[in-house]
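Here the structure comes first, spelled out in C-alpha cells, and everything after it is commentary.
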Amino acid sequence: MVNRVLALALVTPAVVPAIVLAGTAAQATSTPTCHGHAATMVGTPGSDRIVGTDGPDVIVGLDGNDRIFGGPGDDIVCGGVGSDVLRGGDGDDALYGGLDLRRKVKQGGLTIVKGDLVDGGRGDDLLAPGAGARTGMLAFVRPNAVTFKHAAGPVRVDLAAGTATGAGEDTILGDGPLGVIGSAYDDVLLGSARPDFLVGGKGDDSVSGRGSSDVLLDGGGQGDDSLDGGRGVDVAFGFAGDDVVAGGPGGDILAPSSGSGSIVTGGAGADQVFLPAGLGAPSLLDGGAGLNLLEVISVSFGDKRPVVTADLGTETVSVVGTDHDGVTRAAGFDGAQLLGRARWNYVGTDLKDLVLAQGGPLNARTLGGDDEVYADRFDDVIDAGDGTDRVEGGGGDDTCLNYEQGECPAKADPGPFRTATRAAGVLTGGVFAAVPQLRHLLAARHLR
C-alpha cells in the first residue's frame, strides 16, 4: 500500500530475513537500549523478523530492514538503521523508527530514501517513524509513514498537532517529511508546515495538505474524497469515485478521479492538470487564475486510436472511441500537452497557446496570439492563425499554415522526446520551464 504513495521503484538485492523470537536475543557486549529502556529482544545487523511476547517487550532491531511485531503488551520498539516496518498491538506502544535506507544516485546528486512504516494498532500509542530528512535532493520511494490500514474505524490525523484519534489516542512525532495512510473508513487527514504525504483509503476521506509542498492521493478506493493541497507546490491525484481536488496559490500538479462528478480546481499559481482520456469524463477541470497547462493522456488498449479533441475556445475536452467516452469541461488553460496513442485535435484561443503533441497525428488551429506548436512524427495539419507563431513539425508528411518561425515539415526526425525538452519554458518567458521537472514529481518529491 505504501509503495503507491509515489511510483518510483528502488531495486535492492534480495535478502533473507533472520527470525528473532522471544528469548533468542542476539549476542552483544552490552545490552542495547531503546530510549533508555534495556532491550529484552535484540535483532541482528541484517534484516530480521522479530515477534514479541504477550507481555510488555523492549525490542531493538539494530541495522537492516526489519519487520517487528510487538504483540498485545505495552511494547517499546526501536527499528534502528534501515527501512523498517513496526507494528504494535492492543497495548499502549511506543514505536521508534531510525535512520532510513538511502542510496545515492551518481548523476545529479539525488539521494533515494526509503523510510519506516509504523502501525500502532489499538491503544494509545507513541508513533515516531523516523529521524527525518536531510538537506539536499531527496527522492522518496516511501517516506517515513504511519499507517491506519488495519484500524477498525475512521481516524482523524493532525500532523501539525501531532495527534491521531480513532484507533486510540495516539501521538505522532517527526521532524521531516512524513506520510500518513488512512483506514478503510471516512477519515480526516490534516498535514503540517512540513512536506507531507497523505493517502486516503476506501472511505469518503477529507485530506488537506495545509502548508509546504505535499503529495495527496485518494488511495485507490471508491469513496468520494476531498483533496486540498493548500499552500506550496502540491501533487494531488484522485483515482476513483467523485473526488474533489483543489490546488492552492502554488504551482500544483493535479488530476481528477474517474467519476463523472469529479472536479479539479487550481489556484493562482502555474498549475499542471492531468486528464486521463478514456478512463472516464470528470465534470470540471478549472486551471484557475494562473498560467496553466492541460495534460491530456490517452489511455487506449490494443489497436484502438481514439479521437481526442481539446478545444480551449469552448473549454471542452471530448473523447470518442474508447469504452468510456465523454466530454469534460476544461477552463482556465493556456496550452495543452497531448500524450499517448490517439488522433489529436486542438483548437486554441486568440491568446498565446502552447501545444505539444506526442503519440499520434495532430490537427491544430491555434487562432490568434503568438503561438507555439510542437508536433510528433506523424502526418500533422497545423494552422497557426494570426500572430507571430512558431511551428515545429515532426518527421511525418506535415501541412503547416500561417507560421513565421520553426520548421515544418521537419528536415529530419528529431526523436520522440524532443517536444517536451524544446518547448519547455516557451510560454510567457519561462513560466513552464519547470514542466518536465514537475512531471518527475509523480515519481519523486524533490526537497531541499
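It is to be established whether one or more residues within region 179-195 are within 24 Å of residue 100 (Cβ to Cβ) and among the acidic types (Asp, Glu). No, region 179-195 contains no residue that is within 24 Å of residue 100 (Cβ to Cβ) and among the acidic types (Asp, Glu). The residues in region 196-247 that are touching a Pro at 6+ places or on another chain (Cβ under 9 Å), modelled with pLDDT under 90 and buried (at least 24 other Cβ atoms within 10 Å of the Cβ) can be counted, and the count is 0. The residues of region 207-251 that are farther than 19 Å from residue 281 by Cα, of a type in the set (Gly, Ala, Ser) and part of a strand (DSSP E or B) amount to a single one, 208. Against the criterion of being touching a residue at least 60 places away in the same chain (Cβ under 8 Å), small (Gly, Ala, Ser) and in contact with a strand residue (DSSP E or B) (Cβ under 7 Å, 6 or more places away or on another chain), residue 266 qualifies.
Residue by residue, here is whether (1) at pLDDT 50 or above; (2) buried (at least 16 other Cβ atoms within 10 Å of the Cβ) holds:
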site: 362; (1), (2): yes, yes
site: 374; (1), (2): yes, yes
site: 386; (1), (2): yes, no
site: 410; (1), (2): yes, yes
site: 417; (1), (2): no, no
site: 438; (1), (2): no, yes
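So which residues in region 40-76 are more than 18 Å from residue 89 (Cα to Cα) and of a type in the set (A, V, I, L, M)? Residues satisfying the conditions are 42, 62.
Number of residues in region 293-332 that are modelled with pLDDT of 95 or more, touching a Leu at 6+ places or on another chain (Cβ under 7 Å) and in a loop (DSSP other than H, G, I, E, B): the value is 0. For region 139-159, a residue qualifies if it is under 21 Å from the mean Cα position of the chain (by Cα) and under 25 Å from residue 231 (Cβ atoms), and the qualifying residues are 139, 140, 142, 143, 144, 145, 146, 157, 158, 159. When region 335-360 is limited to residues that are in contact with a helix residue (DSSP H, G or I) (Cβ under 8 Å, 6 or more places away or on another chain) and within 23 Å of residue 301 (Cβ to Cβ), the one that is surrounded by the fewest Cβ atoms within 10 Å (Cβ to Cβ) turns out to be 358.
Summed over region 263-278, residues that are of a type in the set (Gly, Ala, Ser), assigned to a loop (DSSP other than H, G, I, E, B) and under 17 Å from residue 297 (Cα atoms) total 1. Scanning region 236-266 for residues that are more than 18 Å from residue 201 (Cβ to Cβ) and of a type in the set (A, V, I, L, M) yields 246, 253, 254, 255, 263, 264.
The values are calculated or read from the model by the stated rules, or taken from the named source; none is laboratory data. Not measured: the values here are computed from a predicted model. FYI the Cβ positions are ideal-geometry reconstructions off the backbone, even for glycines, and counts take in every protein chain you see.
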